[in-house]
């Protein structure tokens, strides 16, 4: 058996320290991002930045139109999520990724502001359908046009950051 002294270690902790140091150096080498990793992270950072800028634009646009950002999202969900031009509270909770009772409160405030109307379903009285009022439709249309233009602008910026994919090596067929 090889003694600890032959390796230059005086005690068990010295061996553990050296082994840990080697392991950490190996782990550090594995954690250094490759050029591809760096490219992916740069693209994701640019995407996240563009997304955050769009969300900030959206929040400000909603406020300029006299609604909260959450009310804007509610209007969008009512009009567009189901394709029916109406939505149930459960569908809106899914669209907004919020809890049912939070969405009920949002609907109540939007109804008080004249943006939406609630009606009880005729076949299942437990279900509440939400539709837009004319004022809600007008507000959503104005916001949708603004968002469409901003999305086009951001899409143009995003394509500036996209790089063409590396050409794939073509396989030549031998005759």
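The values are calculated or read from the model by the stated rules, or taken from the named source; none is laboratory data. Please read these numbers as outputs of a predicted model, since none were measured by experiment. Here Cβ is always computed from backbone atoms with ideal geometry, including for glycine, and neighbour counts include all displayed protein chains.
Look at the stretch 112-132: where a residue is under 15 Å from residue 90 (Cβ atoms), no partner that is part of a loop (DSSP other than H, G, I, E, B) and at pLDDT 95 or above sits 6+ places away or on another chain with Cβ atoms under 8 Å.
Take residue 87 and tell me if it is touching a strand residue (DSSP E or B) at 6+ places or on another chain (Cβ under 6 Å), modelled with pLDDT of 95 or more, buried (at least 18 other Cβ atoms within 10 Å of the Cβ) and more than 30 Å from residue 43 (Cβ to Cβ). Criteria met by residue 87.
Exactly one residue out of 92, 44, 74 is out of contact with any helix residue (DSSP H, G or I) (no Cβ under 6 Å at 6 or more places or on another chain) and either closer than 19 Å to residue 109 by Cβ or free of Cβ contacts under 8 Å to residues at least 24 places away in the same chain (or both): that is 44.
Only one of these is loosely packed, with under 12 Cβ neighbours inside 10 Å, over 22 Å from residue 60 (Cβ atoms) and touching a helix residue (DSSP H, G or I) at 6+ places or on another chain (Cβ under 7 Å): 99, 118, 126. Name it.
99
When 51, 92 are checked against the criterion of being under 30 Å from residue 136 (Cβ atoms), under 21 Å from the mean Cα position of the chain (by Cα), modelled with pLDDT of 90 or more and part of a helix (DSSP H, G or I), a single residue qualifies: 92. Taking the stretch 133-147, which residues are free of Cβ contacts under 8 Å to residues at least 12 places away in the same chain and either closer than 17 Å to residue 81 by Cβ or outside any helix (DSSP H, G or I) (or both)? Answer for the stretch 133-147, where residues must be free of Cβ contacts under 8 Å to residues at least 12 places away in the same chain and either closer than 17 Å to residue 81 by Cβ or outside any helix (DSSP H, G or I) (or both): just 141.
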